[in-house]
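Here the structure comes first, spelled out in structure tokens, and everything after it is commentary.
The values are calculated or read from the model by the stated rules, or taken from the named source; none is laboratory data. It should be emphasised that the depicted structure is a prediction, and the values quoted were computed from it without experimental measurement. Cβ placement follows ideal geometry from the backbone for every residue including glycine, while neighbour counts extend to all protein chains displayed. The protein model used for the area step is the full one, side chains on, heavy atoms only, and it has no ligands, DNA or RNA in it. Shrake-Rupley method; radii C 1.70, N 1.55, O 1.52, S 1.80 Å.
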Amino acid sequence: MFKQLFSGFKRNEPVPDRVALQEAIVKSVAGDITDLPDGEWEGREWVYLAVNHEVLVEEGRRSSSQTSVLAHLPDGELEGLSFRLSPQSKEAILALRDAMADEVQGPWTILDLTVERSGKYDFKFSYDPPPRLNGNLLHSPLTGLLDRYLRQRAERPLP
């Protein structure tokens, strides 16, 4: 009797561990920072990185990424550099998006990720229409990141 009663129930697929997915993204993105579109890494040490990733799936999967890493050469000044996200990092980001999608809100459309050299990271998600993919090609949330970072550090000195 119980077999018939519960025969329609199937075990749900295991839900991917969100923390594990986020940690995998952080490691993958941190591994991408030396792929600079302009110039060579030249032994820089990174201090902080940021990624803004927009995704639209409606008309085929489209995405737009902006990246910035704050780094310096030994004894050099901190500088802001752009880097390329690897296909593996982009796939990991999409896997997190798929794992987080729910029937109420649907999948997020914008990810803002920041990572500090200490290993501390922060993921922020938005369900708003992604600006660049909706035609605002000048939308550039990472512009001025170096100045903002330096200003924040001046306001909150490290212990």
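Give me the extension gain from ALA154 to VAL104: residue separation times 0.36 nm, minus the current Cα-Cα distance, reported in nm with one decimal.
Details: separation 50, 0.36 × 50 = 18.00 nm, distance 4.16 nm.
Additional length available on full extension: 13.8 nm.
Tell me the mean residue ellipticity at 222 nm calculated for the chain from its helices only (DSSP H runs of n ≥ 4, each -39500 (n - 2.57), averaged over every residue, nearest 500). If you can, show how the numbers build up before the last one.
Working: 4 runs with 45 residues, N = 159.
Per the formula, -8500 deg cm²/dmol.
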Which of GLN88, GLN66, GLN105 moves the most in a Gaussian network model of the chain with Cα springs under 10 Å? GLN105
Among [x] 9, 34, 31, 15, 6, 3, 2, 0; [y] 12, 40, 33, 14, 2; [z] 9, 28, 23, 11, 7, 6, 6, 5, 4, 2, 0, which one is P(r) over Cα pairs in 10 Å bins from 0, in percent computed from these coordinates? [x]
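With all protein chains present and a 1.4 Å probe, how do HIS139, HIS53 order by accessible area, largest first? Let's see the in-between values first.
Details: HIS139 55, HIS53 0 Å².
So, going from the largest accessible area down, we get HIS139, HIS53.
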On the full set of protein chains, 1.4 Å probe, figure out the accessible area of SER126 and give it in Å² to the nearest 10. 30 Å²
Which whole number in µm²/s is D for segment 19-102 by Stokes-Einstein, with the Kirkwood Rh taken over Cα pairs at 37 °C and 0.692 mPa s? 236 µm²/s
Round to the nearest 0.05 the FRET efficiency obtained for ARG18 and GLU77 when R0 = 30 Å and r is the Cβ-Cβ distance. 0.20
